[in-house]
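Chemist: Pasting in a structure now, in structure tokens, and then I'll have a few things to ask.
Every number here is computed from the coordinates shown, using simple stated rules; none is lab data. Only a predicted model underlies this, so the values are computations on that prediction, with no experimental measurement involved. All Cβ positions, glycine included, derive from the backbone under ideal geometry; neighbour counts span all protein chains shown.
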Amino acid sequence: MDPQQPPQQAAQVTPEQPDPQKIIADLGLDELPEQERNELLSDIGEVVLEAAMRKTLQNLPSEKQDALIALFDASAADPQNEQKAHAIEAYLKEHAPEFERYLAEEAASFRNAQQQAYGELTS
């Protein structure tokens, strides 16, 4: 190792950013063909996102819930409009900063439940 070269650092994954490669490996998805793995990861992402959003909505005051739901409705009515998706992200950052934590918690919970189920099947 060259002392003048800084050591390479692995990409750090924070609690707000679950490591998709770890989830793939933990669930044994690395054995699947890429297309099937991507489809399954997309489905898993939707489940995790919905769970985190439910938790977020439960913890927002009703007027903020209504505003967030209105943003979702507007985005659903025009799904190709990226500005509407960005508006949801901005709203969550400003009014529900815990959303990122909920997302990480739900991803970990999903991964743990799947590992437990897999363990029960292989025992």
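Chemist: Considering Cα pairs under 8 angstrom that are at least six residues apart, work out the relative contact order of segment 20-122 and quote it in whole percent.
Modeler: Relative contact order comes out at 39 percent.
Chemist: What is the dipole size for segment 20-122, taken about its Cα centre, with +1 at each Lys and Arg Cβ and -1 at each Asp and Glu Cβ, in debye to the nearest 20?
Modeler: The dipole magnitude comes to about 340 debye.
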